[in-house]
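Beneath this line is the structure, given in structure tokens, with notes to follow.
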């Protein structure tokens with residue numbers, strides 16, 4: 001398995017996790033203000049990790065088999 005494939009799997013799992021955190025942030029109406037702010041920060045960090053993994057996937061070269 002190449003590095004590019006591993007980064008792609010990490011990107012997919014991070015995207016699913018990011019979607020989960022975003023849904024909790026949107027529908028977590030009964031949370032306190034502090035919990036809501038912390039969840040917003042966590043959701044933002046999750047967005048950034050998905051973007052970073054996408055960039056890593058784009059710049060990772062294909063493995064050359066000789």
Residue 25 fails exactly one of the following numbered conditions: (1) touching a helix residue (DSSP H, G or I) at 6+ places or on another chain (Cβ under 6 Å); (2) modelled with pLDDT of 80 or more. What is the number of that condition? (2)
Restricting to region 13-43, give me the number of residues that are surrounded by 11 or more Cβ atoms within 10 Å (Cβ to Cβ) and outside any helix (DSSP H, G or I). 2
Does residue 22 meet the test of being over 15 Å from the mean Cα position of the chain (by Cα) and without any contact (Cβ under 8 Å) to a residue 60 or more places away in the chain? no
So which residues in region 44-66 are over 15 Å from residue 5 (Cα atoms) and in a helix (DSSP H, G or I)? 44, 45, 46, 47, 48, 49, 50, 51, 52
Test result for residue 4, more than 16 Å from the chain's Cα centre (by Cα), in a helix (DSSP H, G or I) and surrounded by 15 or more Cβ atoms within 10 Å (Cβ to Cβ): yes
So, first residue closer than 21 Å to residue 29 by Cβ in region 39-51, second residue not in a helix (DSSP H, G or I), Cβ within less than 9 Å, six or more apart or across chains; the pairs are 39/28; 39/31
Restricting attention to region 44-53, does a residue exist that is at pLDDT below 80 and surrounded by fewer than 15 Cβ atoms within 10 Å (Cβ to Cβ)? no
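The values are calculated or read from the model by the stated rules, or taken from the named source; none is laboratory data. Only a predicted model underlies this, so the values are computations on that prediction, with no experimental measurement involved. Heads up, the Cβs are rebuilt from the backbone with ideal geometry, glycines too, and the neighbour counts pull from every protein chain shown.
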